[in-house]
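The values are calculated or read from the model by the stated rules, or taken from the named source; none is laboratory data. These figures come from a predicted structure and were not determined experimentally. In this analysis, Cβ positions are derived from the backbone assuming ideal geometry, glycine residues included, and neighbour counts consider all displayed protein chains. Each accessible area value is taken on the protein alone, full model and side chains, heavy atoms only, with ligands, DNA and RNA left out. Shrake-Rupley method; radii C 1.70, N 1.55, O 1.52, S 1.80 Å.
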Amino acid sequence: MTTPDHALRRDSFYGRRKGHNLRAGQAETLADVLARLSVDVSEPAPAVLSSLFEAPVGDVVLEIGFGGGEHLVHRATTEPTVGRIGVEPFVNGMAKAASAIDAGELANVRLFDRDAAELLDWLPPASLAAIDLLYPDPWPKFRHWKRRFVSEKNLTRFARVLRPGGLFRFASDIESYVEWTLLHVRDHAEFSWTARDADDWRKPWDGWPGTRYEQKAFREGRQGSYLTFQRR
């Protein structure tokens, strides 16, 4: 049997895609929301990315690995004129977010439930205002570091789809991943770190709602770092 190309990628999400079984109502809502809002990368990308959305939007932001969707849904609710594309291959997280999107009747959200690299390769050049990668899987063991989503290849993908001046925002409570990200961005010609003092990375961004992963880190005595990089 031939292994699909996407299964061989080392720049992709890793880990299980499904946890506990969904309730019947959850599964139905998830199916309905994905049928309406899932981005179809088998079709050509639109020349104007904002046309993907049911609501009239200006800027478009991509959030990769949104977990339970707390940040995605909060931002979509409080910033209705910004289009948001959320990526989450983990079924239970997608189901939780789909329920909140459905309940809030959010029309400025689109979803993608597979490998983020597929979507990044499909998006038009310079089409995004920002990319958020918030508390991603840290793969803390040294032998697994190659699985971290921040890589030279993915930063190049980010640079292609971000408009000049666009932002890459990264949050993590794992010191080695923060250092890893700073080093990879330092070595990439298309990005610069915007921090001017310690508060620029110790404090969350304006309007930050927090996430369940962040709360878990706090309970375990770890603090988050909030890095902002700008596309040159």
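Selection of first residues in the range 189-207 that are in contact (Cβ under 8 Å) with a residue 12 or more places away in the chain and of second residues that are among the small types (G, A, S), restricted to Cβ pairs under 6 Å at least 6 apart or on distinct chains, gives the following pairs, ordered by first then second residue: E190/A159; W201/A195; W201/S225. Looking only at the range 113-122, decide whether some residue is open to solvent by less than 20 Å² (accessible area, probe 1.4 Å), closer than 23 Å to G25 by Cα, of a type in the set (A, V, I, L, M, F, W, C) and touching a residue at least 12 places away in the same chain (Cβ under 8 Å). For the range 113-122, residues open to solvent by less than 20 Å² (accessible area, probe 1.4 Å), closer than 23 Å to G25 by Cα, of a type in the set (A, V, I, L, M, F, W, C) and touching a residue at least 12 places away in the same chain (Cβ under 8 Å): absent.
Conditions tested, residue by residue: (1) of a type in the set (S, T, N, Q); (2) closer than 28 Å to L22 by Cα; (3) touching a strand residue (DSSP E or B) at 6+ places or on another chain (Cβ under 6 Å).
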{"position": "K96", "(1), (2), (3)": "no, yes, no"}
{"position": "A107", "(1), (2), (3)": "no, yes, no"}
{"position": "R110", "(1), (2), (3)": "no, yes, yes"}
{"position": "R114", "(1), (2), (3)": "no, yes, no"}
{"position": "D121", "(1), (2), (3)": "no, no, no"}
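One residue is enough: does the range 17-24 have a residue meeting the conditions at pLDDT 95 or above, surrounded by fewer than 19 Cβ atoms within 10 Å (Cβ to Cβ) and over 20 Å from T211 (Cα atoms)? No, the range 17-24 contains no residue that is at pLDDT 95 or above, surrounded by fewer than 19 Cβ atoms within 10 Å (Cβ to Cβ) and over 20 Å from T211 (Cα atoms). Return yes or no: is W201 surrounded by 11 or more Cβ atoms within 10 Å (Cβ to Cβ) and under 12 Å from A171 (Cβ atoms)? When the stated conditions are applied, W201 passes them. You will find that of D32, D102, D40, the residue that is assigned to a loop (DSSP other than H, G, I, E, B) and either at pLDDT 95 or above or buried (at least 18 other Cβ atoms within 10 Å of the Cβ) (or both) is D40 and no other. Just a yes or no: is a residue in the range 208-219 open to solvent by less than 70 Å² (accessible area, probe 1.4 Å), in contact with a Ser or Thr (Cβ under 9 Å, 6 or more places away or on another chain), assigned to a loop (DSSP other than H, G, I, E, B) and in contact (Cβ under 8 Å) with a residue 60 or more places away in the chain? Yes, the range 208-219 has at least one match. Given the options V150, V161, name the one that is touching a Ser or Thr at 6+ places or on another chain (Cβ under 9 Å), without any contact (Cβ under 8 Å) to a residue 40 or more places away in the chain and either open to solvent by less than 10 Å² (accessible area, probe 1.4 Å) or closer than 24 Å to Q230 by Cβ (or both). Sole residue among the options that is touching a Ser or Thr at 6+ places or on another chain (Cβ under 9 Å), without any contact (Cβ under 8 Å) to a residue 40 or more places away in the chain and either open to solvent by less than 10 Å² (accessible area, probe 1.4 Å) or closer than 24 Å to Q230 by Cβ (or both): V150.
E54 passes every criterion in (1) modelled with pLDDT of 95 or more; (2) surrounded by fewer than 21 Cβ atoms within 10 Å (Cβ to Cβ); (3) within 20 Å of the chain's Cα centre (by Cα); (4) of a type outside the set (S, T, N, Q) apart from (3). Say whether the condition of being at pLDDT 95 or above, under 20 Å from W201 (Cβ atoms), touching a Pro at 6+ places or on another chain (Cβ under 8 Å) and in a loop (DSSP other than H, G, I, E, B) is met by at least one residue in the range 123-140. No: the range 123-140 contains no residue that is at pLDDT 95 or above, under 20 Å from W201 (Cβ atoms), touching a Pro at 6+ places or on another chain (Cβ under 8 Å) and in a loop (DSSP other than H, G, I, E, B).
Out of the residues in the range 168-196 that are part of a helix (DSSP H, G or I) and open to solvent by 30 Å² or more (accessible area, probe 1.4 Å), which is farthest from Y135 (Cα to Cα)? So the residue we want is R186. Checked against (1) in a helix (DSSP H, G or I); (2) within 30 Å of E220 (Cα to Cα); (3) open to solvent by less than 20 Å² (accessible area, probe 1.4 Å), R143 meets all criteria but (3).
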